[in-house]
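In what follows, a structure is listed as structure tokens, so that the remarks can point back to it.
The values are calculated or read from the model by the stated rules, or taken from the named source; none is laboratory data. A quick note: this is a predicted structure, and the numbers were derived from the prediction, not measured. With ideal geometry, Cβ positions are generated from the backbone for all residues, glycine too; neighbour counts draw on all protein chains shown.
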Amino acid sequence: MAKSKNEVKIIPLGGIGEIGKNSTLIEVNGDLLLIDCGFKFPSSDMPGIDFIIPDYSYLKKKKKHLKGIVLTHGHLDHIGALRYLLEDVIPPFIAGSPITLGLVKNNLPERIKSKINFREINNRDRIKSGAFDIEFIRVTHSIPGSFGIAIRTPEGIIFHTGDYKIDKTPVDGKKMDTERLKQLSKEGIVALLSDSTNADESGFTGSESLIGKNLVPIFKKSRGRIIAATFSTNIHRIQQIVNVSAQFGRKVVFDGRSLVETVKISKKLGYIKIPENIEVELSDISTLPKRKITLITTGTQGEPMSGLVRIANGMHNGISITKGDTVIVSADPIPGNERVVSDTINKLFKLGADVYYRKEDGIHVSGHCSQEDIRFMLKLTKPKYYIPVHGEYRHLVFARKIAESEGISKKNVFILENGLGVRISNGRMKKIPRIKSGSIIVEGSSLIPLKGSDDMPVFAERKEMGNKGLLFAVVVLSKNGKVKKPVHVETRGIMLSKGTEGEVVKAIKQKVVETVEKFAKIKRQDEVEKEIEKAVKKLFRKNSKKSPAIFSLIIKEKK
């Protein structure tokens, strides 16, 4: 069969087999379109890392062919990596809803922002650029201004849902545009790329508007301050907390830089409506009765510097827990954060607060599709091919089973990997060779490629130092390889039985001298340092069964 003149590729760069880092490339006859550009937070076995972004090497090499970046919504797992990509790649445009672009602009330095052509879009707006004819279709999620992206290609329409759930009673009254999706399905959707985050959860995901109703009895019962924690970009949740506060005559205080910025942008663009005279500054709360205060803050994931965690640790400058205060933790822990969230909740209880955090309290619903939401989307769009995205591997598998149960042939359901995409040509979809992909660690201002197991020793060392303490030994050698000065030993975070410290340090110094005298003349300096570390570890394990992280340094005198 002759090769088609048209070739369409779908290449995920992130968000497959993981929660976060969502980013997908669509390639049509050489032209490129990027859908989303997000980051994810590191797991607990990666201490010290700020967050992780996709490896955009493939896109950077082909940046002349990039025809635009389109954003489904304003959550950081979909927009958080933009500031790093835009250091190297300036697209013809970045398109998204006004609130999405407002949040993007707030996260970009002026020198980058001034170079970008931002295009605000509304439901059913279309953009044509290069080989792409792009249409934005409103979906319901936990943040307003959320869109699915329909891309007309020579092989049919590719529809990327973005994050969604079927919410029949959204907080802002703007329902998913199912009518437009029905029309697109009649044109022919060749591939559906669908959110799958809750594919292992039965039923439909609950409506966001349920939260407001469930907050009412909590507010009614509370006799002190209410401290409500949520994600800084969960605009619908913030609006409902404001509404219920107003209903009970409470003043509202916004706390935390990211949340304050989100509220500021949302108010300006009309996405959050705050009744007149209800908002007060943190500095004003000491003048108000406790039963008249609602503090809205961040910290649902146990982030160390967030408002809720600082309150729980007694480190917040403006508020401390007193008996009768009510705390509402309005989010589920992201996998991996359960322990730190639990610790925060325990501290709040210990301080005397009434804490609402359980599923039974009805104070959180997901913004993502569950099993029946996915079935609804499949029936609505009737795709030929189905690709679950935005989920851990278990979610992708559950989503595949749902698609197959809805009549999509098993061979037409593709579970992909980051960097491992598909090609559609002559109406057929096939996997294509993997492109260079992976993850980039962001630590401060440094961007470091994560190569996999080769990088794990670094994190293992950090964990070892954090869990077991640190010992540092410095040895000064004369030119003939003899230990010239007393060995210097520094310890940090090592727990020793009281009264044994001096004896232990003396034994360590002796062991270091013995090791140096044994190996200094027959091994390289770095090898001798390793021998010192091994010998001291052995000494610790012999006496206490546990060794700290040990580092040694040999300094050779030149004279």
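Points to keep in mind about this one:
- Selection from the range 352-402 of residues that are free of Cβ contacts under 8 Å to residues at least 12 places away in the same chain and not in a helix (DSSP H, G or I): Arg358
- All strands (runs of 3 or more DSSP E) inside the range 1-43 with 3 or more residues being modelled with pLDDT of 95 or more and more than 19 Å from Glu417 (Cβ to Cβ): 31-35
- Residue within the range 205-218 that is in a helix (DSSP H, G or I) and more than 30 Å from Arg250 (Cα to Cα) present: no
- Qualifying residue in the range 6-15 (condition: surrounded by fewer than 20 Cβ atoms within 10 Å (Cβ to Cβ), over 30 Å from Val340 (Cα atoms) and touching a Leu at 6+ places or on another chain (Cβ under 8 Å)): yes
- Which numbered condition Ile555 misses (of (1) part of a helix (DSSP H, G or I); (2) in contact with a strand residue (DSSP E or B) (Cβ under 6 Å, 6 or more places away or on another chain); (3) modelled with pLDDT of 85 or more): (1)
- Test: residue in the range 69-77 that is of a type in the set (D, E, K, R), part of a loop (DSSP other than H, G, I, E, B) and modelled with pLDDT under 95: no
- Selected residue (only one of Phe231, Phe254 is buried (at least 20 other Cβ atoms within 10 Å of the Cβ) and modelled with pLDDT of 95 or more): Phe254
- A search for C-beta distances below 9 Å between a residue of the range 523-538 that is at negative phi and without any contact (Cβ under 8 Å) to a residue 12 or more places away in the chain and any residue that is in a helix (DSSP H, G or I) and of a type in the set (Phe, Trp, Tyr), counting only pairs 6+ apart in sequence or on different chains, returns Glu527/Phe519.
- Checking each residue in the range 7-46 for being polar (S, T, N, Q) and either outside the structural domain of Arg434 (by TED's automatic domain parsing) or within 17 Å of Val104 (Cβ to Cβ) (or both) picks out Asn22, Ser23.
- On the stretch given as the range 486-509, residues that are touching a residue at least 40 places away in the same chain (Cβ under 8 Å), surrounded by 15 or more Cβ atoms within 10 Å (Cβ to Cβ) and either of a type outside the set (A, V, I, L, M) or more than 15 Å from Asn543 (Cα to Cα) (or both) total 1.
- When the range 181-206 is filtered for residues that are more than 23 Å from the chain's Cα centre (by Cα) and hydroxyl-bearing (Ser, Thr, Tyr), the ones remaining, listed by number, are Ser185, Ser202.
- Screening the range 529-559 for residues that are of a type in the set (Lys, Arg) and over 41 Å from the mean Cα position of the chain (by Cα) and picking the one that is nearest to Leu470 (Cα to Cα) gives Lys542.
- Odd one out for Val340 among (1) in the same structural domain as Lys40 (by TED's automatic domain parsing); (2) part of a helix (DSSP H, G or I): (1)
- Elements of the type strands (runs of 3 or more DSSP E) sitting completely within the range 411-502 and holding at least 1 residues that are touching a Ser or Thr at 6+ places or on another chain (Cβ under 7 Å) and at pLDDT 85 or above: these cover 422-425, 470-477.
- Leading residue by the ranking (nearest to the chain's Cα centre (by Cα)) among those in the range 136-147 that are farther than 16 Å from Ile69 by Cβ and in a strand (DSSP E or B): Thr140
- Within the range 387-417, considering residues that are under 15 Å from Val190 (Cα atoms) and among the β-branched types (Val, Ile, Thr), the one surrounded by the most Cβ atoms within 10 Å (Cβ to Cβ): Ile387
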